[in-house]
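As structure tokens, the structure follows; a few thoughts come after it.
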Amino acid sequence: MGPNDAELVQVYTRNVGKTIADVTFSSTADFEVVVEVEAGDAMFSAGAEYTVDIVVRDLTANDTIPFTPGRIKDNLGKPTWPKEDNAFVFTVQAANLASRKGHLCEVHGYLLVGIRNFDSSFARSRTFLIQP
């Protein structure tokens, strides 16, 4: 990656507090979505404005699943993105999974950096299952 670039590296799901990806989750426990990002040193030093957001899709029900926090919008170098590589963690709460037992899902994430002519990138997680 060049010094004037930013990129969403990957999106993956994991159990709360774990460090490795997982693709099966209980309908009675929260799980996390991790969005890993990087910014080149020039862009990072400039404190460019950025937006990170995800969509958690229930493929079986053909709808979306709520998560927290919502869209993150700030500037590079702030506490939300303190160094050139960073990971944002979103939580999908168990209360939103009870009716989704046996459903296949996936996450789509995106990163926009800049004010106009955005440096943009996006990624999709592996498909995962809410256990019946």
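The values are calculated or read from the model by the stated rules, or taken from the named source; none is laboratory data. From a predicted model like this one, the values you see are computed outputs, not experimental measurements. So basically every Cβ, Gly included, is an ideal-geometry build from the backbone, and we count neighbours across all protein chains shown. Heavy atoms of the whole protein, side chains included, go into the accessibility calculation; ligands, DNA and RNA do not. Shrake-Rupley method; radii C 1.70, N 1.55, O 1.52, S 1.80 Å.
Just the accessible area per residue of the chain, please: how many Å² with a 1.4 Å probe?
Averaged over the residues of the chain, the accessible area is 53 Å².
Considering only Pro69, Phe118, Leu8, whose Cα is most displaced toward the positive end of the charge dipole of the chain, charges sitting on Cβ of Lys, Arg (+1) and Asp, Glu (-1)?
Pro69
Computed over the Cα atoms of the chain, what is the convex hull's projected area averaged over all directions, in nm²?
One quarter of the hull surface, i.e. the mean projection, equals 7.8 nm².
Would you mind putting 100-108, 16-24 in packing order, based on average other-beta-carbon counts within 10 Å, highest first?
100-108, 16-24
What are the residues whose amide H is under 5 Å from the amide H of Trp81, where those residues sit 5 or more places off or on another chain and H is modelled from the backbone?
none
Quick check: at a probe of 1.4 Å, how many percent of the accessible area of the chain sits on carbon and sulfur atoms?
49
What dipole magnitude, in Debye to the nearest 20, does the chain give about its Cα centre under +1 on Lys/Arg Cβ and -1 on Asp/Glu Cβ?
Computed charge dipole of the chain: roughly 460 debye.
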